[in-house]
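Inspection log for the structure reproduced underneath, given as structure tokens.
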Amino acid sequence: MRTLLALIITPSIALGIQSVLYALVTPSCAAQSRVWLHLSAAAALLVSVVLAALAWSEWFSYAATLRGTPDSVAGDPRSTRRFLAAAATGVAVLSCLVILMMWSGTWVLSPCSEQ
């Protein structure tokens, strides 16, 4: 279950926070404050990091009991679960990096910048 959360929810959070940050630009410009932009990005990053840690812990719990690499064909259903946990960890970490990069734009750019 932890693997599926990291595999499905974390990219959805990355896509969702992009929409939320875009929607908060106009109110942030009107209020002359970036607080809501930073809070929403930090919350999304925190949830994504927690889900990545859960997938990582599941990956290593399977790795402790199985031999070989995550992509080896062992015929054991646990090796499939270990591969899914490794893939979920990679997807979650990539989603965390995407959220962090979107958040870095909030630090550098003003929400009131004219184009």
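Read the figures in this text as sums done on the coordinates, not as results from a lab. What you see is a predicted model; the values in this text were computed from it and never measured. Cβ: placed from backbone, ideal geometry, glycine included. Neighbour counts: every protein chain shown.
Using alpha carbon coordinates only, what is the Rg to Rh ratio of the chain, with Rh defined as the Kirkwood radius? It would help to have the intermediate numbers written out before the result.
Values: Rg = 18.0 Å, Rh = 15.5 Å.
Rounded to two decimals, Rg/Rh equals 1.17.
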For the chain, Cys with no neighbouring Cys Cβ under 4.7 Å: C96
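Checking understanding here: applying a Kyte-Doolittle mean of at least -0.5 and a length along the axis of at least 30 Å (C-alpha), which whole DSSP H helices in the chain pass?
Details: long enough: 35-65 (45 Å, 1.42); 77-108 (47 Å, 1.01).
Helix filter hits for the chain: 35-65, 77-108.
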Amide H neighbours of L24 at under 5 Å, excluding residues fewer than 5 places away on the same chain, with H built from the backbone geometry, are none
